[in-house]
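The values are calculated or read from the model by the stated rules, or taken from the named source; none is laboratory data. Because the structure is predicted, anything quoted here is derived from the model rather than measured. Ideal geometry is used to build each Cβ from the backbone, glycine not excepted, and the neighbour counts take in all protein chains shown.
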Amino acid sequence: MHRFEPCLNFIGGRWCEPKTGQYGDNVNPANGEVLGVWARSGADDLDDAVRAAREAQSAWRLVPAPERAKVLRRVADLLRDRKDEIAQTLTMEMGKVIEEARGEVQEAIDMADYMAGEGRRLFGQTTPSELPDKFAMSVRAPVGVVGIITPWNFPIAIASWKSLPAIVAGNAVVWKPAEETPLTARAFAEVYQEAGLPAGLLNVVFGDGPVVGEAMLSHPGIDVISFTGSTETGRHIASRAGANLKRVSLEMGGKNAITVLADADLDLAVDAIVWSAYGTSGQRCTAASRVIVEREVEEALLARLLPRVQALRVGDGLDPAVQVGPVIHEEALAKIDRYVRLGVDEGARLMTGGRRLTEGTLAQGYYYAPTVFAGVRPDMRIAQEEIFGPVLCVMAVDSFEDAIHVNNGVKYGLSASIFTRDVNRVFRAMRDLDTGIVYVNAGTTGAEIHLPFGGTKATGNGHRDSGQAALDVFTEWKTVYVDYSGRLQRAQIDNN
Ligand code: UN1
């Protein structure tokens, strides 16, 4: 017997077994326990979900947005009631420490509150017409059915970023959650159900990326795909969905750096580095995996940083004393370790960590020691590629200009941070750092839900999650001209 009931698909308001009859295991990364199973669905299950979504959306688009928003308000309230319970489940299946899990559920609550407010905005634009007695405006129309594909590292926050704006804007959603975090997905779907979201507006199809995800990309009943995950998968999604003329919004990898200039408050910078590099065991797309430090303070920074990293308590995230949980699974552990070996081979100096932790009960889970490399050169692979684990590369530079150059010298462009007390450099950095998010005197993590979230270069494709910008993913601009002159007015006739 498993601790949890099987995670079934949620289609057309009903919980249903997958037509394949197959299931996959949900494993607790803290101790290897199989918590339960999830439906390993096939393309037929997806088909049912899309059909339910299309039907439900044809009525939902006619419901006034302030009425739609009432459901979101109840979603927020139910999430508030269940915050602890959902956070516990999230920690159990994903591994992040409990206070971060609570923070993540709070992110979803905030998004529900924020997007509920959007029900009374969804602002369009009115514009003067070139012609007399004519009115011109552009309004936001729903796109139809939105396919969302979400990762395991923020199983409820990212799902909330995508589903809530989609639904308030009048769309229906077909959601493929990550295989690793089905319980959190189910809990979120239950909240939607109990909040009174009409059947078919949120459908959950559990399954593997190559089966369910792939079927979403070519399904004619899905209008938009919103994806968060690896750049490799995102690239594939973009090309497949592009061939089918679907709009695609992609949030992908990062290789985020914290720059520490010589005039910085070093203690503050160290606090931020520890939090941004090792929070969520480094498994955030916004995690800091590089520190770019002006050479004259490198020694002083390392002297403060290393003891702090060594003192981090690693263990099961349900223990409130633990600061760093496990990584998601064995393959992640192996990948992180391969990068660490590579870093050593490339000539970087391993200062601390660099190994799997197997002491006592840690052996049953997937734990990696918080790791610091120093003497890293910007062209090393460990300084260029996303590791997605608790590994930090420290690089020394000789000037502010070099720091910006090194920050920008990677293929990704999500988040960047700079520590300095020089206001001129703050504004220069704001202008010249080429990422979608810039922090000044704060770490690279901690984006707030009412501002646009996303990145440049290989991190994104120009769209943004969160904030008002999210609405651009889930709506079409519809331009409307109303001529009240009572006669035919021909535009673009030049008779001067
Ligand atoms: C992610 O890692 O995919 O800014 C999202 C942050 C969080 C979101 C991270 N609010 O770190």
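With assigned to a loop (DSSP other than H, G, I, E, B), under 28 Å from the mean Cα position of the chain (by Cα), at positive phi and within 16 Å of the ligand (Cβ to nearest atom) as the only criterion, which of Gly462, Gly467 stands out?
Working: Gly462 fails: within 16 Å of the ligand (Cβ to nearest atom).
After applying the criteria, what remains is Gly467.
Val410 - would you say it is within 27 Å of Ala238 (Cβ to Cβ), outside any helix (DSSP H, G or I), within 16 Å of the ligand (Cβ to nearest atom) and at pLDDT 95 or above?
Details: within 27 Å of Ala238 (Cβ to Cβ): yes; outside any helix (DSSP H, G or I): yes; within 16 Å of the ligand (Cβ to nearest atom): no; at pLDDT 95 or above: yes.
Judged against the criteria, Val410 is not a match.
For region 139-168, which positions are assigned to a loop (DSSP other than H, G, I, E, B), among the hydrophobic types (A, V, I, L, M, F, W, C) and more than 23 Å from Gln106 (Cβ to Cβ)?
Taking region 139-168 first, the residues assigned to a loop (DSSP other than H, G, I, E, B) are 143-144, 150-156.
This time we only want the ones that are among the hydrophobic types (A, V, I, L, M, F, W, C), so: 143, 152, 154, 156.
The answer is Val143, and nothing else.
Glu180 fails exactly one of the following numbered conditions: (1) within 16 Å of the ligand (Cβ to nearest atom); (2) crowded, with 24+ Cβ neighbours inside 10 Å. What is the number of that condition?
(2)
Looking at region 183-216, which of the residues that are surrounded by fewer than 24 Cβ atoms within 10 Å (Cβ to Cβ) and among the charged types (D, E, K, R) is nearest to Lys478 (Cα to Cα)?
Looking at residues that are surrounded by fewer than 24 Cβ atoms within 10 Å (Cβ to Cβ) and among the charged types (D, E, K, R), I get Glu214.
Name the residue, out of Asp271, Asp263, that is away from the ligand (no atom under 16 Å from the Cβ) and over 30 Å from Val34 (Cβ atoms). Even if it seems obvious, please write down each step before you answer.
Working: Asp271 fails: away from the ligand (no atom under 16 Å from the Cβ).
Every option except Asp263 fails the conditions.
Does Gly455 fit the bill of being touching a strand residue (DSSP E or B) at 6+ places or on another chain (Cβ under 6 Å) and either more than 26 Å from Glu100 (Cβ to Cβ) or buried (at least 21 other Cβ atoms within 10 Å of the Cβ) (or both)?
Values: touching a strand residue (DSSP E or B) at 6+ places or on another chain (Cβ under 6 Å): yes; either more than 26 Å from Glu100 (Cβ to Cβ) or buried (at least 21 other Cβ atoms within 10 Å of the Cβ) (or both): yes.
When the stated conditions are applied, Gly455 passes them.
Got a sec? Which of Ala87, Ala101, Ala112, Ala136 is in contact with a strand residue (DSSP E or B) (Cβ under 9 Å, 6 or more places away or on another chain), in contact (Cβ under 8 Å) with a residue 12 or more places away in the chain and either outside any loop (DSSP other than H, G, I, E, B) or hydroxyl-bearing (Ser, Thr, Tyr) (or both)?
Values: Ala87 fails: in contact with a strand residue (DSSP E or B) (Cβ under 9 Å, 6 or more places away or on another chain); Ala101 fails: in contact with a strand residue (DSSP E or B) (Cβ under 9 Å, 6 or more places away or on another chain); Ala112 fails: in contact with a strand residue (DSSP E or B) (Cβ under 9 Å, 6 or more places away or on another chain).
Only one candidate qualifies: Ala136.
Return the residues of region 1-55 that are assigned to a loop (DSSP other than H, G, I, E, B) and of a type in the set (Ser, Thr, Tyr); say none if nothing qualifies.
Listed by number, the residues that qualify are Thr20, Ser41.
Before we move on, is Gly254 within 16 Å of the ligand (Cβ to nearest atom), under 22 Å from Asn408 (Cα atoms) and crowded, with 23+ Cβ neighbours inside 10 Å?
Against the criterion (within 16 Å of the ligand (Cβ to nearest atom), under 22 Å from Asn408 (Cα atoms) and crowded, with 23+ Cβ neighbours inside 10 Å), Gly254 qualifies.
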